[in-house]
Each structure stands twice: as structure tokens, then as C-alpha cells.
1. Which of the residues belonging to the stretch 414-447 are small (Gly, Ala, Ser), open to solvent by 10 Å² or more (accessible area, probe 1.4 Å) and assigned to a helix (DSSP H, G or I)?
2. Filter the stretch 387-413 down to the residues that are among the polar types (S, T, N, Q), assigned to a helix (DSSP H, G or I) and touching a residue at least 40 places away in the same chain (Cβ under 8 Å) and list them by number.
3. Which one of Glu654, Glu650 is among the acidic types (Asp, Glu) and within 30 Å of Leu601 (Cα to Cα)?
4. Say we look at the stretch 106-118 and pick out the residues that are at pLDDT below 75 and open to solvent by 40 Å² or more (accessible area, probe 1.4 Å); which of these is farthest from Gly92 (Cα to Cα)?
5. Filter the stretch 617-660 down to the residues that are aromatic (Phe, Trp, Tyr), open to solvent by 50 Å² or more (accessible area, probe 1.4 Å) and more than 30 Å from Val440 (Cβ to Cβ) and list them by number.
6. From the list Ala335, Ala344, Ala321, pick out the single residue that is part of a loop (DSSP other than H, G, I, E, B), open to solvent by less than 10 Å² (accessible area, probe 1.4 Å) and not basic (Lys, Arg).
7. Out of (1) more than 28 Å from Pro815 (Cα to Cα); (2) modelled with pLDDT under 90, the odd one out for Glu430 is which?
8. Looking only at the stretch 762-790, count every residue that is farther than 29 Å from Ala738 by Cβ and either modelled with pLDDT of 90 or more or crowded, with 21+ Cβ neighbours inside 10 Å (or both) and tell me the total.
Amino acid sequence: DFELAMRLWLPIFLLRCAGQSCSFMGTPACGSSRPHSCSSTLRLASECPAECPFLASSSFYPCIAACVEERNCSLLDPQALVGSSSRFCVHGPTPGCTRYQEDTQGQRCQECAGNLVLESGTCMIVSAGYRGFATGVLYAVAVILSFALPYIVYRIACLPTACPSLLARGWLHRKRGKVHDYFCKSGKPFQLFSMWTNMHEKSIAGPGLCLYYNSLVFCGCMMLVAACVSLGTHIYRPLPDALAELNECAASAQEQVASVLTQLRQYQSARMWSLFLLWALFCVCGVLHGCFQRGWYAHLDSRTDSMSDLATRVVGFPRDAGEAEIEEFFNSIGAERVKHVSIAYDYLDDKERVEFLLSELVRAAEARRSQTAASTTIFAAFRDEMHQVTQRSTNSGNAFAVFNTEDMRIRWESDWRLSRPLFRGKHPIEIYDVASEPHVLVWSNFGVSTSARWVRGVREVAVACVCCLLLGLIVYAPTAQYVFQRTQVFAQVGADAVTRILGLLVSITNGVCYVIVDRCSQRVGFVIKGHKDIFNLVGCVVIVGVNTAYNLAITCSAVQAAARVPPGLQRLESTQVELDMMRVRETLGDSLWEVLVPSVLVVPYIVYVLLTYVLSWPTLLAYYVSIPLWPIYQTFDIRTKEDVSVKEAEAALEACPMQIEFDYASNVCVIATGFTILFVESPHMHKVFGVLVVWFVLTYWQQKYCHLRLAKLVDYSTPWLDECATYLWGIPVAMVAAASARWATLCYGLVWWCPAMAFAVSGVLYAVVLHSALRCVSIRDDRGCAPHDKVRRAMGYDWLNTNPIAVLKAHARDPQAPVVFYRRGKEFLQADWEGAHAQQGEEPADLERNETEMQDLLKSAF
């Protein structure tokens, strides 16, 4: 038995080698690894038997060597595949080659190892099935591009702009949808906010955007503290660097080995306590941050006039309850009278038709504003259909009682709690606070019951998982197979050209998964936009978490492939084993640093911002690209499309909307990804924290620029998205706890599952404490809201012109009804909106330009 032989030979061998002796521990056998006591393996080759004269060694285990035949040179080092004339296994000129032939040009590979295929003198990794699939995909793409590219170039270079006036209206709509200071004292149209605007105080896109910038500052500060603690620990207890000069194989170096092991124990202990300190600090600061965010939301709510402060949601009405009856019921509850009632109707079956009718009404309002006869024609064409749709729409059981002032709402709610009357004497009702503004509610989903919403949610989660799994099998699985085979053969972590292409495909796959999650969230039936944002946030965190685990697994497999454990090494009770394992973990730390910076932590987020906001690639594709794949699929660029409509131009040229739900996900995921380096010995730990600090500083300013200059304005009026992100902060916190437990396991010999247990306990503890703390802080501040009409003039919307069926009912009753459905970028159509002058600018009729001016307009739009 190898272990018994080592235990019997080790004491005798150490006594015999107390001087300058250098030899194997025991008699070397062919193909069997043996410990040795040499500072250099030059003298060991002479001890190998004639039947296996070549000496194989490992850079990870310097005290282990083996006598092998030439064909088995890769026993300890996958890259040492050829024997030299000096009887040492060395690296050949061709990676993966096991047999060479001498010719006039030197050594030429004749045979490759394992499942490698020799092609043009190079050993290639080939997977027959996936290679055929990839080849087919490449040929299909090549065929499509061979037809599409000349066609696209022809339309761009040779065809003029078909409808410059309509496209100009699209660009103007794009401009109107972006962030502007509508109430600037200068009175100039399209007045931009200053880049020095206080994003923590100024409610540009609702209080939720202010909370997002607070979260960026919090994460950046936490990473700065972590960088300081990690740097201090690195200076106080650095990673032992005596291993490079130490000959721990020699028996005379046992005292030096013991000293290095003592330093290693001190390093591990310092890492354990520093990470425990960080964990406690992260937990406490995370809870305090969550409470602060709630208080800050209440502070912003007290300073911001909003329609949500003037309304109460009432639930429990029968489906046949009408507006007049409900308003009379509300007025009978107390002394306060409601200003009006906004009923949430169930029109889910007519959703698409309602959207079409609303678009036509908005178009009629624009025509009426330009004093053309088209408004009358538009209304007459759809009046009967409006009557039919409104008659089919029934009460969903939800209604909003809207009051003139916030104080009136509060007194009415107090009167209701005292009396709790039944509607029609038999229907109990309940009231709820309203946190969302009316224009961000998904009115069509009020008809979806709670049970149906749960069923939809489970179904959509399953659909998202299946779709992402299929994409993973197509992209992730072959990528992992290729990288694993490559690392097993070549023992290299660095990427080659194929790996870079596959990595690009993985990034594209992640983006496709984001789109899938977003589409699924739209089908769940969420009434409040904040709930949909939370769905996207959690889904994206899961996707990036899986991608992070995938990258970590690939890196670990590469290092393990390079550091093949020699037979019998784990059974030896020697100090060399621990030092050798430390080398493996340190190499893993170096590999993680190379993988994380810049390819994982930096590049993806720069590319995302560049493509989404700066270049606005959906707009560029819609404006310039045509896809002629008739009869399968075809689309034409709107620049040269002769029958383009105003609606198509406005939809295609809209700016990319603010999407802080995905930005929140990036904040959580980039931290969790960087924290993977906490689990291994690495001198780069404090550097990763420093990179994260720089990342958050740059993210703060690039997000600020994108939100104030490039993105379409989207309101975030609830604090729930930020609260969800605060809960998800528990993932990096739990990773720090697991890393601390990992070092405790190495230092004190704890059981292997301690890190997993620490992760679970930390996550549950943080969530429970945070939940308890947040319950003690109110998000409502009932002070200072202006009267209804003043808020209406400032915002441009109320609870009637954002309610689709209420707008259709008003126009069905009166063709000259003044109510205009509210849409972002169309606020100027609201007659009494105070900021109308800021969206006027140039009239569409004055914007007919030639092709050169259109190109200038395209450039200025970004």
C-alpha cells in the first residue's frame, strides 16, 4: 500500500537525507509518483529505471516526481508531452502533441493527445456534433448576410429619405420624451438639467430614481471600506512569499517550512477576522441603509406634489357598479366629498383594440391642435367601436376615490375606518394606500384576479426557465465543453480566439435572457409597474448569478487541470501537501483576477451603456436596416419606407427608456462576482475592491449623463424596487460570511460544509433583521401636497386622463370632450399643462429637411 510505504519510509528517509542528500523517497516505479528531497530535479533522472527513463515533474507539486515512458510525460503536467535527450519531460513546440518527427524545418507534430485532431500541424479540439451545428449556423448567417448586406447598403446609399417631414416628427417626439426642465425660469423649449443637478433631492423621474442614486453611493462607500480593510490586512499579514526561494522538499528545510506554515496560518486567521468584521459592518450598514431609504422616500414624498397623495384605492365592488353609484357611496361615508371617481375596468379581452383607439384619439388631438379637419374624420370612423368597447368593459372591483386635497383624503379614510359601511348594504370593501402615479399603472391588468396572477406568474417563471435553459444548452454547454477540454489538455486559463467568440455568444445569450424575463414580466398581469420591475430585477440577478457560477467553475476546472493531483498525494500527512494546496489556490486567485478584470467586471457594462444609451442601437436598426427574408420575415427601414406613418416613426425613433431595475441588478451582480476572489489566497483581493470603487464612481456619472441627456423619462414613484435591491444586498453579505467561514475551515480544520452553512445563516439573518427594521419606518408623509388642480397643471395628468376606459367613455358621450389621453412625450396636448411651452419647439410642418439636414438631426439626437 502506497500510504503505508510512505509512513514506513518517511522517518528513515529523513534521517538518511539529513545532509545534502537528494533522492526519491523509496524506490521509484514506472508511472508512480514519489516524493523527493531535491531542491532541483536534475539529479533525479539518473535514478529512473531503464524501462521508464524520463522524469516527469509538476510546477504545482515541486516535491513530487515520477519516472515515466516518453508517451506518459503528461502524468503530472498536461503540457509536458515530449521527452528530451536529457531524459526530462519538456513542453513541445505544439501544444497537445504527443509525438514529433524531425525534418528540415524542425519538429513537426505527428500525433495529438486524447480527442484532439491534427489539422495543418496544430492540435485542434473538435466536437463533431456541435461543430456541425456551428458550421450550419455560420453558413446560414453567411447566406443571409450575402443577400441582406448589399440590400441594406443599396437602400442607405442610393435611396433618398421618403418622408422627411414624418421622420422629423418622430425625432421631435424622441426629443420630447427625454428629460427636460419644463419649469425652468428661462422659458426656453427643451431646457436640459445641469449635470451638477442633485439627483438625491431632485425628483426628476420620481422618488425611486433618487433612491437609486443613494444606493450607488452606498455601494461605492461599502466597497471603499472593504478596500481599506483588505489593504490593511494585506499590509499587516501579507501572503507568504518565501515559497519561491524555499526548498521545502529537503529534510534540512523543515524549520523553514514550519515558519512558512506559521505565516500561512497567520494570513488565514487575519483574512478570517477581517472578513468577519466586513460581514458585521455590511450587515449593520445594509439595515441602516434600508431604513434611511424609507425615511428618505417619506422626505421626498413630503416635498413632492403627486396624484398618488390625493387618491385612495378601494376594492370590493361588484362588477355592475357604476361611477355615479360609487361616487354617491363615497360621499355618504363622511363629511368630505370626493372630487371624482376613477374606476379600474376589466377590458383585458379588448386590450389591443383599446390601445389602438387611444392612439387614434391622440392623433385626433394633434390634428385638432394643428387646426385640420382630420380630427373630425378620425373620431367619426371609430365612434361606434368606442361605444361597443366601453359597453363590454365592466368594473373590475377596483376604484380610486380622488380628493381635492391630501387632508380631505386623510379625514375621509378616518371616517371610513370608524364606520366601515357596506356597499349596497352587503358588499364589504377595503381601502389601500396608493403609492404609484396613475400613468404608470397597468390599467388593463386590473381584470386579472389574484389567483390568476399567481398562476400566470408560475407559468411565466417556468417559461423563462425553459427558454433560458434551452439557450444555455445551445451556448453555455458547448462553451463549457470546449473550455473544459482545452484546459484538460493545455492547462491554460487564457482565452484563445474560439474562447473569445464563445464568450461573446455567452454575453449575447445573457442579453437575450434579459429580454425573455422582461417579456414574461409583461404577461404576468402586474397592476403596479414597481412589481414588474422587481420581477425583472430578481430574474436578472439569477441569470447573472448562474453566469458567475459558470465562469467560476470554468476557472476552477482550468486550475485543477493544470494542478493534477498526483496519486497518493492526498493520503500523505506531510507539510508539503498543505503548501502545495496553497499554490493551487494562489494560482486560482491569479486566474480569477485575470478573468474578472477587465472582461467580467468592466467590459460588459461599458458595452451595455454604449449600445443601449449612446448609440441607441434599436433606433439605428429601425432607421437604417432592412431585412428582406420574404416570405419568412421582412421589414424595411423607416428612412426609405414610403408608407411610413407618424405612429411608426414615433415608436421606432423613441429613445431607450430608463431601466434602473436592470441597473440595480448590475450593482448587486458586479459586487457578488468580484467577491468570488475572497475564497482563495490572492494578493489581488484589495485590487478587486479598488476596481469596484472605481466602477461605482464611473457608473454614478455615466448613469447621470444617460438619464439627463439620452434616456426616455420613466417614472419610478414607489420605493419597492429599492427595497428589493436592499434585500438582495444580502447576497454579497452572505458571500463575505461564507468566505470568512472558509478561512476558518482552513485555519482551524472545521468541517467542509461550514461555508455553505454560513452563507445560508447570514442570508436568513440579514433578511429577518432588515424586515423587522423596515416595519418600524413609515414611507408615507402626509404633509404639503398641493390641491388637485394645481398638481394637475404641474404634472399634466390626473386619475381620469390616464384611465383608458374613462377617456373612451368621455369621448363616446361627447365628441368634443376636452380630455386627452396622457402619454409621455405628448404632454403638450394637455390644455392646462404649465410646461407646455417647454415641449413646443419647432412645429412639425416647419421641419421638412433635405437628406443632409436629416443626417445632422440624427447625429444631434444622440
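The values are calculated or read from the model by the stated rules, or taken from the named source; none is laboratory data. What you see is a predicted model; the values in this text were computed from it and never measured. Positions of Cβ are backbone-derived with ideal geometry, glycine not excepted, and every protein chain shown enters the neighbour counts. Keep in mind that these areas ignore ligands, DNA and RNA; they rest on the heavy atoms of the full protein, side chains included. Shrake-Rupley method; radii C 1.70, N 1.55, O 1.52, S 1.80 Å.
1. Within the stretch 414-447, the subset small (Gly, Ala, Ser) is 414, 419, 425, 435-436, 444, 447.
Narrowing the set further to residues that are open to solvent by 10 Å² or more (accessible area, probe 1.4 Å) leaves 414, 419, 425, 435, 447.
Of everything in the stretch 414-447, those that are small (Gly, Ala, Ser), open to solvent by 10 Å² or more (accessible area, probe 1.4 Å) and assigned to a helix (DSSP H, G or I) turn out to be Ser414, Ser419, Gly447.
2. Passing the criteria: only Thr390.
3. Values: Glu650 fails: within 30 Å of Leu601 (Cα to Cα).
The match here is Glu654.
4. Asn115
5. Step one: filter the stretch 617-660 for residues aromatic (Phe, Trp, Tyr), giving 617, 623-624, 630, 633, 636.
Next, only the ones that are open to solvent by 50 Å² or more (accessible area, probe 1.4 Å) stay: 617, 630, 633, 636.
Matches in the stretch 617-660: Trp630, Tyr633, Phe636.
6. Just a single option satisfies the conditions, and that option is Ala321.
7. Exception for Glu430: condition (2).
8. Residues that pass the stated criteria total 2.
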